[in-house]
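Below: the structure, in C-alpha cells.
Read-outs: derived from the displayed coordinates by stated rules, not from any lab. Keep in mind that this is a model prediction, so the values were computed, not measured. So basically every Cβ, Gly included, is an ideal-geometry build from the backbone, and we count neighbours across all protein chains shown.
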Amino acid sequence: MKILCTICARKGSKGVKNKNLKTINKKPLIFYSIDQAKKSKLFKKIVISTDSEKIKNYVKKLGIDCWFLRPAKLATDKSSKIPVIQHALKKAEEYYKQKFDTIVDLDVTSPLRNVSDIKKALIQFKKKKSTKLISGCPSRRNPYFNMVEIKNKKLSRVKNLSKNIYRRQDAPQTFDCNASIYIYKKQALKNFTTFYDGKTILFKMPEERSWDIDNKFDFKIVEFLLKKK
C-alpha cells in the first residue's frame, strides 16, 4: 500500500486562538500528530495542509514537507475538511510524482491518540477491506436514554424506541466520533458524499484518548491528560 498521511492545520480558530501552534505540555499542539505519524513508520509521505506561514515554517523544522499553502477558500470557518484532504492529495501526487492508494488523516485537535491506535486502525481497515474508517469511543450520553431535545415546546428523547428504557445498559450502544483518525481509499475520498453509506467502519478507542479540543476547557483537559501521560 502506498499510504499518504495528511495533517490539516489552518491558522484561524474561534474556540482557542491559534490553537494549532498553542503550547500544550511544552510542545505546540501540532507537534503531537506529526510525532505520532513519524513514529508509526507507516507512511510513504506525511503532508501538512495549512494556510499559515508560521505553521509551515515550524513543521519544516521537524523535517516534514510543507511546500504549499492552502487556498483561502479552503481555510474558512465554514470549510469542510474533505475538500482540504482532497486538495492535499492532489498536491502530494503532483509534487512527489507518484500515486497513493490510501490516505490517513490525523486531526491535530486530538493529540491523545497513540501510535498503536494508528497501527491498529490501519490493520482493521485492511482486514475489513472497507473504503472508509472513522474513529470513535463509547458515548458519554446516549440518545436513547439521557439525551433530550425540545420538540413543539415539549421535552423528548432524541431517539425513541417502542419500549421504555429505564437503564443506560438496556439502551442500544452508541459511539461518539472522536475526530482522531480517518482512513480513506483514494477513490472513496475523491468521490466522497457521506460516511453513512454502509461502507464506513468504526475504529473503537477508549474515552481517555478521545478528547477533541474545541474550546479552552477542552484544551485544559487535554493538557492535564498529556502531563499525566
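Translational diffusion coefficient of the chain at 37 °C, 0.692 mPa s, Stokes-Einstein with Kirkwood Rh over Cα pairs, in µm²/s as a whole number. After rounding, the answer is 174 µm²/s.
Its relative contact order, with pairs defined as Cα atoms under 8 Å and 6+ residues apart, puts the chain at 24 percent.
Ordering Phe192, Ala88, Ile64 by Cα displacement along the dipole of the chain toward the positive end leaves Ile64 in first place; charges were set at the Cβ atoms of Lys, Arg (+1) and Asp, Glu (-1). Placing +1 on the Cβ of every Lys and Arg and -1 on the Cβ of every Asp and Glu, with no other charges, gives the chain a dipole of roughly 180 debye about its Cα centre. Within the straight-line cut-off of under 15 Å between alpha carbons, the aspartates and glutamates reachable from Lys90 are Asp65, Asp101, Asp105, sequence neighbours fewer than 8 places apart in one chain being disregarded. Comparing the stretch 68-155 with the 2.2 N^0.38 Å rule of thumb, its C-alpha radius of gyration ratio is 1.53 (two decimals).
Count Lys and Arg as plus one, Asp and Glu as minus one, and take only other residues whose Cβ is under 15 Å from that of Gly198; the net charge is then +4. Extending 7 Å from the Cα toward the beta-carbon at both Arg167 and Glu149 defines two label points whose distance is 2.9 nm. Please determine, in degrees from 0 to 90 and to the nearest 10, the orientation of helix 29-40 with respect to the longest principal axis defined by the Cα atoms of the chain, where the helix direction is its Cα long axis. Tilt relative to the chain: about 80 degrees.
Helical runs assigned H by DSSP (4 residues or longer) give the chain a calculated mean residue ellipticity at 222 nm of -9000 deg cm²/dmol, each run adding -39500 (n - 2.57) before division by the residue total.
Sites listed here are chymotrypsin sites (Phe, Trp or Tyr not before Pro) in the stretch 35-107 whose DSSP assignment is loop and whose Cβ has at most 12 other Cβ atoms within 10 Å: Trp67. Both radii were evaluated on the Cα set of the stretch 29-75; the Rg over Rh quotient, with Rh as the Kirkwood radius, amounts to 0.98.
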